Amino acid sequence: TSRVRVHHLQQAKDSGEKITMLTAYDALVAPIFESAGVDTLLVGDSLGNVVLGFDSTIPVSLDDMVRATGAVSRSVSRPLIIADLPFGTYESGVEAAFDSSVALMKAGAHAIKLEGGVSRASIIAGLVANGIPVMGHIGYTPQAEHALGGPRLQGRGNAAQRLIEDAIAVEKAGAFGIVLEMVPGKLAAEVTRKLSIPTIGIGAGPDCDGQVLVWSDMAGMTDWSPRFARRFGEVGTALREAASDYVNAVVSDSFPSAEHTRENHE
Ligand code: KIV
Ligand code: NA
């Protein structure tokens, strides 16, 4: 099967087919999602929380993202690979954003994602003019955690109109799609109707054109998962049980046994 490209996401919206996205950060897990049929892999800066042990995305560097993007890119051939521009590497202007995007594209990204609406429109337009496909991200934007007062639903009450304006600004700037994070379902549905580009929801109800989850939340890797995520597996428990069986087998001298010992195969 051939590469998923940006225009396929538009076709999916236009024909009413849902778009699937999961995060991926390495060459171990990305091929598993490819073989599951996931359309798009997001090398998210959630890397900071999920893999690097930080408690936010703010410490994530461009080098961190380049390394992860390369690993994902080397390990799959079908999914569209979108990489996040990390905090501090694009907000100051088109030039900074372009240089950072080039680093991610050279590492194997097919598109980049950045956070913000009206305030980022000129940066989005500048990247698009230089041949870089851009996905927007509005609603709760984790890089602005300290400005937004932590993870919380965005676009309530009077803020709904501003969120709609952000969405329209992102589309007008030339983005090929937009993530809506932690937005009331009704508002996300309205934005999805108003925009011609596809919306990808996370904590934004069922009426977006596609859905994204952080893979460790999807797979049930950790005890905690956000309320909007469904645990589609208990992979953390399965992995712990495998590791615990291994430990017990070594300690009890039942591994390695004769069948795993090399001279017996010679
Ligand atoms: O970094 C990330 O995982 C994201 C998604 C939650 C949209 O930006
Ligand atoms: Na992100």
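Could you tell me the distance between the Cα centroids of region 34-104 and region 223-266, to the nearest Å? Cα centroid to Cα centroid, the span is 30 Å.
So for the chain, what are the equivalent ellipsoid semi-axes in whole Å, largest first, each being the square root of 5 times an eigenvalue of the Cα gyration tensor? Can you show the working numbers first?
On the way: eigenvalues 260, 84, 66 Å².
Values for the chain, descending: 36, 20, 18 Å.
Between amide H atoms placed 1.01 Å from N, distances below 5 Å from His137 occur with Leu114, Gly116, Val179, all of them 5 or more places distant or on a separate chain. Listed by chain and number, the lysines placed with their C-alpha closer than 17 angstrom to that of Lys186 are Lys194; residues fewer than eight positions away on the same chain are left out. Note on the chain: with a GNM built from Cα contacts shorter than 10 Å, the maximum mean-square fluctuation among Val235, Val251, Val183 falls on Val251. Per-residue Cβ neighbour counts within 10 Å put His7, His137 in the sequence His7, His137, beginning with the fewest. Between Thr199, Thr57, Thr69, the Gaussian network model of the chain with springs among Cα atoms under 10 angstrom shows the greatest mean-square fluctuation at Thr57.
From helices alone, the chain scores -11500 deg cm²/dmol at 222 nm; the rule is -39500 (n - 2.57) for each run of n ≥ 4 DSSP H residues, then divide by the residue total. For region 124-197, the square roots a ≥ b ≥ c of the C-alpha gyration tensor eigenvalues yield an a/c of 1.5 or more together with a/b not exceeding b/c, which makes the shape oblate.
Pairwise inverse Cα distances across region 153-262, averaged and inverted, put the Kirkwood hydrodynamic radius at 16.9 Å.
Its Cα centre serving as origin, region 141-266 has a Cβ charge dipole (Lys and Arg +1, Asp and Glu -1) of approximately 960 debye. For region 101-247, the antiparallel share of DSSP beta bridges with both residues in that region comes to about 5%.
For the chain, give the share of DSSP beta bridges that are antiparallel, in percent and rounded to the nearest 5; count only bridges with both residues there.
The antiparallel fraction comes to roughly 5 percent.
With a 10 Å cut-off between alpha carbons and a GNM built on the chain, which of Ala188, Ala249, Ala229 moves the most? Sorting by GNM fluctuation, first place goes to Ala249. Label zone (Ser257, point 7 Å along Cα-to-C-beta; backbone nitrogen cut-off 18 Å) within region 206-247: 242-247.
Values quoted throughout were computed directly from the atomic coordinates according to the rules given, and no laboratory measurement underlies them. As the structure is a prediction and not an experimental result, all values here were calculated from the model. Backbone-built Cβ (ideal geometry, glycine too); neighbour counts: all protein chains shown.
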